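Input: a single structure, listed below in structure tokens.
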Amino acid sequence: MTSAELERMGGWEEEEENEKPAEDPPPKTRMDKFHTTISNWMLPADLRDKYLERTNCLPPPIFIIAISIAELAVFIYYAVWKPQKQWITLDTGITRSPFTYVPEKREEAWRFISYMLVHAGVQHIIGNLVLQLLLGIPLELVHKGHRIALVYLAGVLGGSLASSIFDPYLALVGASGGVYALIGGYFMNVIVNFKDMVPLFGIFRILVIVIIVGTDVGFALFRRYISKVAGPRVSFVAHFAGGLAGMSIGYTVFSSFDKNLIKDPRFWICIAAYLAFVVFAVLFNIFLSPVP
């Protein structure tokens, strides 16, 4: 057999190898489909592949689950507290709680954070838990617990400090500051990355956020100015302050999915502005507050 014939035979073998059909990719598991859905909801198109390459549930969304369990446990404790024994509206119990932010006891600095553990009734606790679990768990799967904790607690602290300035005579309970920080950060990312989404999908997400926030703020305003229920009135300023914290710090954190926050100048600008507000609020409470 001549060399030319051998070359032709080798060519046929190469052609036969090239004609072999490519192997089908392995079928997606339920967990793969779950993470694909998470990436579609939480990330712009150019970051989804990177997330899916390195995604896992380690660590699991510990922070948002732990804080939700703590809030539920405190609510149950006060709901079955012997002097009170009421579930719908917890008036007398929470006003005496060492967790509640009370203007007259603002020198007990932990209250500016711990008020997030106390809720005024079944509707209040369920609303906050549902929102923070539905939004917080997917966000924590993408951004991990330390970033979610930063945004959440920034909203909680910002909410109480803003309330002490703009609504200084009222007490404060509930995790709305933290919940609205998560919502604010997510909302800003949806707006900024709208062009990378399917238009109807992006519009749907914006409408859901607007409906939820509008309904919740409407109830808060009703309870603050119209409702005649017994017991102390509670400030709603934390909703707005938490949302602003989320739209600044939260947006920066959530838009830096694959980046080092320490090297992002936007992060330091937001932190500097936030710290300036904290310092001003502390000085206000010490020297300028109308509450004795």
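The values are calculated or read from the model by the stated rules, or taken from the named source; none is laboratory data. Please read all numbers here as calculations on a predicted model, not as lab measurements. Cβ placement follows ideal geometry from the backbone for every residue including glycine, while neighbour counts extend to all protein chains displayed. These accessible areas exclude ligands, DNA and RNA; they are computed on the full protein's heavy atoms, side chains included. Shrake-Rupley method; radii C 1.70, N 1.55, O 1.52, S 1.80 Å.
Taking every residue in segment 97-109 that is more than 20 Å from residue 78 (Cα to Cα) and pairing it with any residue that is in a loop (DSSP other than H, G, I, E, B) and aliphatic (A, V, I, L, M), at least 6 positions away or on another chain, the pairs with Cβ-Cβ distances below 8 Å are 103/170; 103/291; 104/291; 106/291.
Residues in segment 144-174 that are among the hydrophobic types (A, V, I, L, M, F, W, C) and within 14 Å of residue 245 (Cα to Cα): 148, 149, 150, 151, 153, 154, 156, 157, 161, 162. Considering only segment 183-204, I want to know if a residue exists there that is small (Gly, Ala, Ser) and touching a residue at least 40 places away in the same chain (Cβ under 8 Å). Checking segment 183-204: at least one residue is small (Gly, Ala, Ser) and touching a residue at least 40 places away in the same chain (Cβ under 8 Å). All of (1) open to solvent by less than 60 Å² (accessible area, probe 1.4 Å); (2) under 30 Å from residue 46 (Cβ atoms); (3) modelled with pLDDT of 75 or more hold for residue 266 with one exception: (1). Scoring residue 131 on the criteria (1) in contact with a Pro (Cβ under 9 Å, 6 or more places away or on another chain); (2) within 25 Å of residue 235 (Cα to Cα); (3) not charged (D, E, K, R) leaves a single failure, condition (1).
The sole residue among 185, 174, 159 that is under 17 Å from residue 44 (Cα atoms) and open to solvent by less than 10 Å² (accessible area, probe 1.4 Å) is 185. Cβ separations smaller than 9 Å between residues 6+ apart or across chains give no pair from segment 122-150 residues that are at positive phi and open to solvent by less than 40 Å² (accessible area, probe 1.4 Å) to residues that are outside any helix (DSSP H, G or I) and aliphatic (A, V, I, L, M).
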